[in-house]
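The block underneath contains the structure these notes are about, expressed in structure tokens.
The values are calculated or read from the model by the stated rules, or taken from the named source; none is laboratory data. Because the structure is predicted, anything quoted here is derived from the model rather than measured. Backbone-built Cβ (ideal geometry, glycine too); neighbour counts: all protein chains shown. For the accessible areas, the whole protein counts, side chains as well, though only heavy atoms, and no ligand, DNA or RNA atoms are used. Shrake-Rupley method; radii C 1.70, N 1.55, O 1.52, S 1.80 Å.
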Amino acid sequence: MRTFLKWLFLIGVVLLAPIIPLLFWEAQAEAIIAGWSEHPPTPAVTALIVFSLLAADIFLPVPSSVVSTLAGSQLGTLLATLVCWAGMTAGAVIAFALARRYGDAVVRYYTKEADVLAMRKVADRIGPWGIALTRALPILAEAMVLLLGASRLEWRRFLPPTLLANLGIALAYAAFGEVAAQHEWILIAAGISAAAPLLLTWFFRRHLHDATDEPSDAQSNST
């Protein structure tokens, strides 16, 4: 019971962390949203901005979950899903192509060694479908794509899991953003969409760390 409460408290802190500042600057946040609502860009301009941000994810620290959620609030579920899916796929294709062409140099430049090692364990276990498993995880998603690109994975094995995973993620965040906009809690939705992937990444890294330690521990005990 104590362990459960500890994890519950941790989850609550992580989810609330991005929202707490909004409580202190509520007036400013409301003013920004009001100005955006009164003079919003056209759907075409919004779609272009969203697509460009997601496509540039490998070069810029773009919070794709937040961008997709806000896109859903502005464009609706269907259009936002299509735009976000196209943008995330373009970003993944660019990263994969660069890694295939320039190899480990691109991987070392854009990712940390620890993340690459973690993604190599995943790739060794389930192959290219590790893309689908990690696609919603910040940093690790890019590390997986770059790693598989540097290993010269065939395009026909890279594209199916990438397309399917991106479609599911885009649909989930876009629908979440539209529902949040309808109920006027888009600020909270943006905070949740920023925190939840970080929490999932932490759990994933922790699981990989534990799974890696167990065999070595067992071997040391047997000796």
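Here are some residues: Ile94, Ile126. Which one is of a type outside the set (Phe, Trp, Tyr), at pLDDT below 90, part of a helix (DSSP H, G or I) and on the phi < 0 side of the Ramachandran plot? Lay out the reasoning, then the answer.
Numbers: Ile94 fails: at pLDDT below 90.
From the options Ile94, Ile126, the qualifying one is Ile126.
Hey, could you check the stretch 136-173 for residues that are more than 15 Å from the chain's Cα centre (by Cα) and among the aromatic types (Phe, Trp, Tyr) and say which is farthest from Glu113 (Cα to Cα)?
The selected residue is Trp155.
Of the residues Ala34, Ala27, Ala71, only one is at pLDDT 90 or above and either part of a helix (DSSP H, G or I) or open to solvent by 30 Å² or more (accessible area, probe 1.4 Å) (or both); which?
Values: Ala34 fails: at pLDDT 90 or above; Ala27 fails: at pLDDT 90 or above.
Exactly one of Ala34, Ala27, Ala71 is at pLDDT 90 or above and either part of a helix (DSSP H, G or I) or open to solvent by 30 Å² or more (accessible area, probe 1.4 Å) (or both), namely Ala71.
Residue-wise test of (1) closer than 11 Å to Gly72 by Cβ; (2) among the aliphatic types (A, V, I, L, M); (3) crowded, with 16+ Cβ neighbours inside 10 Å; (4) in contact with a strand residue (DSSP E or B) (Cβ under 6 Å, 6 or more places away or on another chain).
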position: Ala172; (1), (2), (3), (4): yes, yes, yes, no
position: Gly177; (1), (2), (3), (4): yes, no, yes, no
position: Glu184; (1), (2), (3), (4): no, no, no, no
position: Ala195; (1), (2), (3), (4): no, yes, yes, no
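Determine if the stretch 143-155 includes at least one residue that is farther than 16 Å from Ser68 by Cβ, of a type in the set (Val, Ile, Thr) and at pLDDT 90 or above. Give the derivation first.
Step one: filter the stretch 143-155 for residues farther than 16 Å from Ser68 by Cβ, giving 143-155.
Subsequent filtering for residues that are of a type in the set (Val, Ile, Thr) retains 145.
Checking the rest, the ones that are also at pLDDT 90 or above come to 145.
Among the residues of the stretch 143-155, at least one is farther than 16 Å from Ser68 by Cβ, of a type in the set (Val, Ile, Thr) and at pLDDT 90 or above, which makes the answer yes.
Which residues, counting only those in the stretch 129-146, are open to solvent by less than 20 Å² (accessible area, probe 1.4 Å) and in a helix (DSSP H, G or I)?
Just the residues of the stretch 129-146 that are open to solvent by less than 20 Å² (accessible area, probe 1.4 Å), to begin with: 130-131, 134, 137, 140-141, 143-146.
The answer is Gly130, Ile131, Thr134, Leu140, Ala141, Ala143, Met144, Val145, Leu146.
When you scan the stretch 180-188, do you find a residue that is touching a residue at least 40 places away in the same chain (Cβ under 8 Å), in a helix (DSSP H, G or I) and of a type outside the set (A, V, I, L, M, F, W, C), even just one?
Initially, the stretch 180-188 is screened for residues touching a residue at least 40 places away in the same chain (Cβ under 8 Å), giving 180-181, 186-188.
The next check asks that each one be in a helix (DSSP H, G or I); those that pass are 180-181, 186-188.
Among the residues that remain, those that are also of a type outside the set (A, V, I, L, M, F, W, C) are: none.
No: the stretch 180-188 contains no residue that is touching a residue at least 40 places away in the same chain (Cβ under 8 Å), in a helix (DSSP H, G or I) and of a type outside the set (A, V, I, L, M, F, W, C).
If we keep just the residues of the stretch 102-123 that are of a type in the set (Lys, Arg) and assigned to a helix (DSSP H, G or I), which is farthest from Arg206 (Cα to Cα)?
Per the stated criteria, the residue is Arg108.
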